[in-house]
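Take a look at the structure set out below.
The values are calculated or read from the model by the stated rules, or taken from the named source; none is laboratory data. Since this is a predicted model, take the numbers as computed values, not measurements. When we count neighbours, we look across all protein chains shown, and the Cβ atoms used for this are built from the backbone with ideal geometry, even at glycine. Side chains included, ligands, DNA and RNA excluded: accessible areas come from the protein's heavy atoms. Shrake-Rupley method; radii C 1.70, N 1.55, O 1.52, S 1.80 Å.
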Amino acid sequence: MMRSLYSGVSGLKNHQTRMDVVGNNISNVNTTGFKSSRVTFSDTLSQTLSGASAPTENRGGTNPKQIGLGSATSSIDTLFTDGSVQSTGVNTDLCLSGNGLFIVKDGNLSYYTRNGNFKFDKQGYYVNSDGLKVQGWSATTPGEAVSTNGQPSEICIPAGKTMAAAATKVATFSKNLDAAEPRIKSMSVTYVDGTTADVPAGTTVAVEVGKDFDAGAGAKKVASISLKMTDGTTTTETSGAFKLNNSKPKTTIATIYDSLGNAHNVTIYMTKTKVDSNTGNQWTISLDPAGSAKQTITESDGTTTTVTMNDTVLQFDVNGGLTTGSGTAVLTLTNGAGTGQSVNMTFDDVTQYAGSSTAFATTDGNAAGTLKSVSIDSSGVITGTYTNGLNVQEAQVAIAQFNNASGLTKTGNSLYTESNNSGTPNIGTISDLGCTVTPSSLEMSNVDMASELTDMIVTQRGYQSNSKIITVSDELLETLINMKR
């Protein structure tokens, strides 16, 4: 039989395979996360009629005489280029870009996918459209960042998840105290009877509006206080307590939660009390500028909260850096929460430079809350927003990276499994493996319709040409057979 007949047959088979691949690509042009494939051909073993001969002194060399025996399908490659990003508005959808795949599990079987069409099921598991559980790391300590050490597992964030109340343990102060804050140079008081008096220069106690003060002619209730500052300005105060040579107190609010999650707003007074060009300035942190070291708060439910804290001196160096200073506030509660609650006051992040006084306190602890919504950021961290106003990291999505992603085995449903030539998965976070994720979006198919339609035409012509080889070879054989007639 003629060799060309078999070459044509092999060409038909290979172009049929190529058409099958092109058809599959076009069929999946709108499949989320689909990766297109391509077919490459190679020639088969050639029949050698005569081998090559080397040149001699009298005659040149000759090339081998070989007749090819057709073509073969060399490979069908999966092209792992990124598809375009399509926004969906669904906050649980993820579009992964880069060399990585999401990990989903069916029991103990691991699968890999680029289809980020995920959602939460009724039990709170983060799953794909077929119910396979998305793998990642879950938070172990409420309020802290997710630890990505260890192997990932399924992510579960039940709807209506609750957060227990936590008592405040630490109040952290930060930002700046104004080094140029003026101090009180002199004071005069106006009593409720309309008389006035100057505060003696050597007075070391606080003068408080609404309290009795003896300026040398007997104690009477103070209605207002006139202050002359070191920068030359004067003010009249109708509330508060003030001391000579100190600045007017700056205030900030520290919100402290008790063991039941009730919030207590404690007023913190910050007063510049000493100026020294050799050792640096001093500020005093107190609960009461009058010096009682105590503050009583009347809560909205009618209960009272007593807060005590000894005055705390903050020593700054001449460069504005804090050298010493810390304090402890103790809350005595009457609302049923644990009493004698201690809160450490830390001032390590406070500076003292010329400018505005912006120092404020942030506290730990929280009221009880219920999960209201979840969101996912570009690094795959799932954050829960609770009704108490806190945003807490709940979990982080894991991805796998293969040395040869094209070597993965397709199993249908946009899933892949590990093969002998894909390599083992390198599992890590999205950012650690150099990938990015676009939340509320899906990755579209990477099928290029223009290329596929062009390939379809080329494949069709190739198929037709190979069919002509078979037809012509058949006619030649028919002529040969007819020679016997």
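A 1.4 Å probe run over region 19-82, with the rest of the protein chains in place, finds 63 Å² accessible per residue.
So for the chain, taking the charge dipole from beta-carbon charges (+1 Lys/Arg, -1 Asp/Glu), which of M229, P64, T362 sits furthest toward the positive end? Positive-end residue among those listed: P64. Diffusion coefficient of region 315-389 by Stokes-Einstein, Kirkwood radius over Cα pairs, 25 °C, 0.890 mPa s: 147 µm²/s. In a simple Cβ point-charge model (Lys, Arg +1; Asp, Glu -1; nothing else charged), the chain has a dipole of about 1080 debye relative to its Cα centre.
Only one residue of S97, Y353, I457 has its Cα farthest out toward the positive end of the dipole of the chain, where Lys and Arg carry +1 and Asp and Glu -1 on Cβ, and that residue is I457. Working value for region 35-92: equivalent-ellipsoid semi-axes of 53, 14, 6 Å, each the square root of 5 times a Cα gyration tensor eigenvalue, largest first. How high is the relative contact order of region 197-323? Use alpha-carbon pairs under 8 Å, at least six apart in sequence, and give a whole percent. For region 197-323, the relative contact order is 17 percent.
The alpha carbons of region 61-106 occupy a box of 71, 28, 18 Å along the principal axes, longest dimension given first.
Nearest 10 degrees is fine. How inclined is helix 3-27 to the longest principal axis of the chain, computing both from alpha carbons? It works out to around 20 degrees. Using only alpha carbons, region 1-68 has a radius of gyration to Kirkwood radius ratio (Rg to Rh) of 1.31.
The base-10 log of I(q)/I(0) for region 198-288, evaluated at q = 0.24, 0.25 Å⁻¹, reads -1.29, -1.35 [Debye formula, identical scatterers on Cα atoms, solvent excluded]. Averaging Cα coordinates gives a centre for region 80-149 and one for region 302-362; these two points are 43 Å apart.
For K211, a cut-off of 15 angstrom between C-alpha atoms picks up these aspartates and glutamates, skipping any fewer than 8 places away in its own chain: D193, E237, D288.
Spatial offset of region 156-175 relative to region 371-391 amounts to 13 Å, using the alpha carbon center of each. Neighbours of T324 by Cβ distance under 11 Å: Lys/Arg scored +1, Asp/Glu scored -1, total -2. Return the tail of the calculated pair distribution for region 160-251, meaning the percent of Cα-Cα pairs more than 21 Å apart. Pairs farther apart than 21 Å: 43 percent.
For the chain, the calculated P(r), taken from all Cα-Cα distances in 20 Å bins from zero up to the bin holding the longest distance, is 17, 28, 23, 16, 10, 5, 1, 0 percent. Entry for region 47-181 at q = 0.10, 0.19, 0.20 Å⁻¹: log10 I(q)/I(0) = -0.64, -1.23, -1.29, Debye formula applied to identical alpha-carbon scatterers, no solvent contribution.
Based on C-alpha pairs under 8 angstrom that are at least 6 apart in sequence, region 62-206 has a relative contact order of 12 percent. Based on protein heavy atoms only, region 325-382 ends up with 45 Å² per residue of surface accessible to a 1.4 Å probe.
For a straight C-alpha distance cut-off of 22 angstrom, the lysines reachable from K468 (same-chain residues fewer than eight places away being disregarded) are K13.
Each helix, a run of at least 4 DSSP H residues, gives -39500 (n - 2.57); summed and divided by the residues of the chain, these come to -4500 deg cm²/dmol at 222 nm. Which entries in K122/K372; K169/K250; K105/K372; K169/K272; K248/K294 show an alpha-carbon gap greater than 22 Å? Beyond 22 Å: K169/K250; K105/K372; K169/K272.
Taking every alpha-carbon pair under 8 Å whose residues sit at least 6 apart, region 347-387 reaches a relative contact order of 29 percent. Shown here: region 340-447, whose C-alpha atoms stretch 63, 36, 31 Å along the first, second and third principal axes, sorted largest to smallest. Measuring only protein heavy atoms, the 1.4 Å probe finds V85 accessible over about 80 Å².
With protein chains left intact and a 1.4 Å probe, residues in region 111-260 average 50 Å² of accessible area per residue. Taking the square roots of five times each eigenvalue of the Cα gyration tensor of region 148-188, the equivalent ellipsoid has semi-axes of 51, 17, 9 Å, listed largest first. Here the accessible area of the chain is 48 percent carbon and sulfur, with a 1.4 angstrom probe and all protein chains present. Here the mean projected area of the convex hull built on the C-alpha positions of region 214-341 is 10.6 nm².
Each Lys and Arg Cβ is given +1 and each Asp and Glu Cβ -1; about its Cα centre, region 1-121 then shows a dipole of about 360 debye.
Across the options A254, S467, Q123, the greatest Cα extent toward the positive end of the charge dipole of the chain (unit charges at beta carbon of Lys, Arg, Asp, Glu) belongs to S467. Taking Cα centre as origin and charging only the Cβ of basic (Lys, Arg, +1) and acidic (Asp, Glu, -1) residues, the dipole magnitude of region 379-478 rounds to 220 debye.
Each listed q (0.18, 0.23 Å⁻¹) maps to a log10 I(q)/I(0) for region 261-304, found by the Debye formula over equal Cα scatterers with no solvent: -0.66, -0.84. Which net charge results for the neighbourhood of G355, defined as the other residues with beta-carbon distances under 14 angstrom from its beta-carbon, given Lys and Arg at +1 and Asp and Glu at -1? Surrounding charge for G355 is +1.
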